[in-house]
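Rule-based calculations on the coordinates, nothing more; no lab input. Every value quoted in this text rests on a predicted model; they were computed, and no experiment measured them. Cβ placement follows ideal geometry from the backbone for every residue including glycine, while neighbour counts extend to all protein chains displayed.
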Amino acid sequence: MHAGFGRIENSCASAVTIVAASSPAYASVELHETRIDGGVSRMRAVPTLRIAPGDAAVLKPGGLHLMLMQPKAALKPGSKVAIEFELASGGKLLGEFEVRKPAL
Ligand SMILES: [Cu+2]
């Protein structure tokens, strides 16, 4: 299982809502949020993510992230992974993520 972090900017004049994500490199991709609940770090699935016009969603450790499940092949640091976001409007957004070693 891998985690994806980054910044998704909405430069459109209207809000966008991400309803799903997928990648050719993984069996499944989910949007998750980490929350501290009674001193315990828990993840929950985020079914939809709305981004207001001119705003951005920041995916970072300890917060929103992409949960990348079952990589289909070994991924080398420095290589790129494409992730496609499906929007509520029916549109699609293609993102490119760089593979990095976990920061320890
Ligand atoms: Cu997660």
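Take GLY39 and decide whether it is of a type in the set (Gly, Ala, Ser), over 17 Å from GLY6 (Cβ atoms) and without any contact (Cβ under 8 Å) to a residue 60 or more places away in the chain.
Judged against the criteria, GLY39 is a match.
Within region 13-21, is even one residue in a strand (DSSP E or B) and within 17 Å of VAL81 (Cα to Cα)?
Restricting attention to region 13-21, the residues satisfying the condition of being in a strand (DSSP E or B) are 16-21.
The next check asks that each one be within 17 Å of VAL81 (Cα to Cα); those that pass are 20-21.
Yes: one or more hits.
Name the residues in region 88-104 that are within 17 Å of HIS32 (Cβ to Cβ) and part of a loop (DSSP other than H, G, I, E, B), would you?
Scanning region 88-104 gives a single hit, PRO102.
Can you confirm whether SER11 is more than 16 Å from the ligand (Cβ to nearest atom), surrounded by 11 or more Cβ atoms within 10 Å (Cβ to Cβ) and more than 16 Å from the chain's Cα centre (by Cα)? Walk me through how you get there before you give the answer.
Numbers: more than 16 Å from the ligand (Cβ to nearest atom): yes; surrounded by 11 or more Cβ atoms within 10 Å (Cβ to Cβ): no; more than 16 Å from the chain's Cα centre (by Cα): yes.
For SER11, the condition - more than 16 Å from the ligand (Cβ to nearest atom), surrounded by 11 or more Cβ atoms within 10 Å (Cβ to Cβ) and more than 16 Å from the chain's Cα centre (by Cα) - is not met.
Of all the strands (runs of 3 or more DSSP E) wholly in region 23-87, which have at least 3 residues that are more than 14 Å from the chain's Cα centre (by Cα), within 15 Å of the ligand (Cβ to nearest atom) and surrounded by 13 or more Cβ atoms within 10 Å (Cβ to Cβ)?
Those strands (runs of 3 or more DSSP E) do not exist here; none qualify.
Step by step: first the residues of region 88-100, then only those that are hydrophobic (A, V, I, L, M, F, W, C) and more than 15 Å from VAL16 (Cβ to Cβ), then the one that is surrounded by the most Cβ atoms within 10 Å (Cβ to Cβ). Which residue is that?
Here the answer is PHE97.
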